Amino acid sequence: MEKKVFGYPEFDKNGEKPLTSYDGPYRDMLMDIRVFRMNAGQKRTFLYAGEEIAILLQKGKLKLSWEGKAETACRKNVFAEGPYCLHTAGGVEVTADAGEDGTEILVQRTHNGRKFASKLYTPGDAPWNDVCRGKFGDTANRKVNTIFDYNSAPYSNMVLGEVMNDRGNWSGFIPHSHIQPETYYFLFDRPEGFGASFVGDDVYKITDGSFSAIPGGKTHPQVAAPGYVMYTCWMIRHLDGEPWTKRVDDERYTWLYDAKFEEEKN
């Protein structure tokens, strides 16, 4: 089966939009990632033996039930409010009940035999941080949050976070790589929004709801078109014995860290 690095999926009649799977054209991601759109009163149950799972609310109202606990989360959309995400080990049954039409969740999972305590992350656990504001000619401004990674959840085989590009600005910049595979899921504040994703030497048009499946070792910056805020959900799969802990900058571009541009001097 041919391998691919970019996709433009659609929701099917059941409200499911598959991004990556263990045996499909994006199998190098080593993760199963899907987005679900639910209407008020609709319920989905998730239970996977030997697979950890992260359920990220992207918009709407959602009641999550697991291990005798229940919490309700609300998020107007990814552009207005921070994340709610439930992360559990394999074998934990989770029920998601939508409280309003158009509720959307992103579900990330991968193989992991470890047992660990479930955790519901709230916006306070994953605050937005400004990155690169005032650098690179003021063209790489974005906010980033990390929901969990190797530092906060060393028992996990995954990393999950979000990026918010300012209009017309770059992210994933300076161009960088790492040996671990990474998946980006893109949304825009307007449906006609677009941008460009660079995967190694190849370039793809980013549209609302598209995704990038980045093989290990490939650089992967991206840019939003002027006028549009771009959201990226970033998901990394640790490799056995090689967890992701840092990025490797392309040395051809590291001079930009110390460069001063006229607009920065004034």
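Under the criterion of Cα pairs below 8 Å and six or more residues apart, the relative contact order for the chain equals 18 percent. Placing +1 on the Cβ of every Lys and Arg and -1 on the Cβ of every Asp and Glu, with nothing else charged, gives the stretch 101-256 a dipole about its Cα centre of roughly 320 debye. What list of ³J(HN,Hα) couplings, whole Hz, do you get for the stretch 223-236 from phi and the Karplus terms 6.51, -1.76, 1.60, once you set θ to phi - 60° and write x for glycine and proline? Result, ordered by residue: 9, 9, 5, x, x, 10, 7, 10, 9, 10, 8, 10, 9, 10 Hz.
Using C-alpha pairs under 8 Å with a sequence gap of at least 6, the mean separation divided by the residue count of the stretch 122-173 gives a relative contact order of 33 percent. Heavy-atom surface analysis with a 1.4 Å probe gives the stretch 13-162 a carbon and sulfur content of 45 percent of its accessible area. Each of Pro18, Gly91, Met164 was placed along the dipole of the chain (beta-carbon charges, centred on the mean Cα), and the one lying farthest toward the positive end is Gly91. Between Glu251 and Ser118, the modelled labels are 4.8 nm apart [label points 7 Å from Cα along Cα→Cβ]. Among the listed pairs Lys43/Lys63; Lys3/Lys143; Lys63/Lys115; Lys69/Lys115, those with a Cα-Cα distance over 21 Å are Lys3/Lys143; Lys63/Lys115. Taking all protein chains together and a 1.4 Å probe, the residues Arg75, Arg37, Arg109 rank Arg37, Arg109, Arg75 from largest to smallest accessible area. For Lys205, the aspartates and glutamates whose Cα comes closer than 14 Å to its Cα, not counting residues fewer than 8 places off in the same chain, are Glu192.
Report the GluC sites (Glu not before Pro) located in the stretch 21-83 that are in a DSSP loop and have at most 14 other Cβ atoms inside 10 Å of their Cβ, or state none. Here the GluC sites (Glu not before Pro) that fit, given the DSSP loop and packing criteria, are Glu67, Glu81. Charging the Cβ of each Asp and Glu at -1 and of each Lys and Arg at +1, and nothing else, the dipole of the chain about its Cα centre rounds to 440 debye.
Accessible area per residue for the stretch 108-266, computed on protein heavy atoms with a 1.4 Å probe, is 46 Å².
FRET efficiency for the Asp201 to Glu93 pair, using the beta carbon distance and R₀ = 51 Å, is estimated at 0.70.
When the P(r) of the stretch 83-227 is calculated, the portion above 19 Å amounts to 60% of the C-alpha pairs. Among the protein heavy atoms, those of Asp208 account for about 70 Å² of accessible surface (1.4 Å probe, every chain in place). Summary value for the stretch 1-82: 17 percent relative contact order, contacts being C-alpha pairs under 8 angstrom separated by 6+ residues. From its DSSP helices (H runs of at least four residues, each -39,500 (n - 2.57)), the chain gives a residue-normalised ellipticity at 222 nm of 0 deg cm²/dmol.
Separation of the stretch 97-156 from the stretch 222-249 is 11 Å, based on Cα centroids.
The values are calculated or read from the model by the stated rules, or taken from the named source; none is laboratory data. Everything quoted here is computed from the prediction, not taken from an experiment. Using ideal geometry, Cβ is built from the backbone for each residue, glycine included, and neighbour counts are taken over all protein chains shown. Surface areas here come from the heavy atoms of the whole protein model, side chains and all, with no ligands, DNA or RNA. Shrake-Rupley method; radii C 1.70, N 1.55, O 1.52, S 1.80 Å.
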